[in-house]
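Presented below is the structure to which this report refers.
The values are calculated or read from the model by the stated rules, or taken from the named source; none is laboratory data. The structure displayed is predicted, hence computed values, not measured ones. Counting neighbours? That spans all protein chains shown, and the Cβs are built from the backbone with ideal geometry, glycine included.
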Amino acid sequence: MREYQRELEEGLRYSKVVRGVIDYIDSHYTHANLGIEDIAEYMHLSSAHLSVLFKQETGATIKQYISDYRLELSKKMLANEHYKINEIAELCGYSNANYFAKVFKAANDQSPVEYRKNCGIE
């Protein structure tokens, strides 16, 4: 319940447009080619205008937000021994496991396998 309340309060600080973008990302992050053009078309705004609005309100670009969203989700999945690395990559919207590993290591200074070992899962 606390998590829901926190999400609700966090969502209220953003405009309807930015909440729409966040909701769209939440629903479509599994698509490897998800980009600002898709989101802008859905929101009926230009990519440039949407980018400015999103950056002003969140402090992050849409591309960075998508990347961070996927990485946070992948960390949760890595902590679960039932998912293979290539499944996690696919479920989180990465085009392949090698690319996922490269992005993950750049962001976390450790590979997905190392991260999983540090979680106590081998």
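Computed values, structure above
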item	result
Filtered residues of the range 89-122 (kept if polar (S, T, N, Q) and assigned to a loop (DSSP other than H, G, I, E, B))	Ser95, Asn96, Gln110, Ser111
Which numbered condition Asn86 fails, given (1) more than 22 Å from Ile25 (Cβ to Cβ); (2) within 15 Å of the chain's Cα centre (by Cα)	(2)
Residues of the range 41-88 satisfying the condition of being charged (D, E, K, R) and part of a helix (DSSP H, G or I)	Glu41, Lys55, Glu57, Lys63, Asp68, Arg70, Glu72, Lys75, Lys76, Glu87
Residue, surrounded by the fewest Cβ atoms within 10 Å (Cβ to Cβ), within the range 95-104, restricted to residues that are closer than 29 Å to Arg19 by Cα and at pLDDT 95 or above	Tyr99
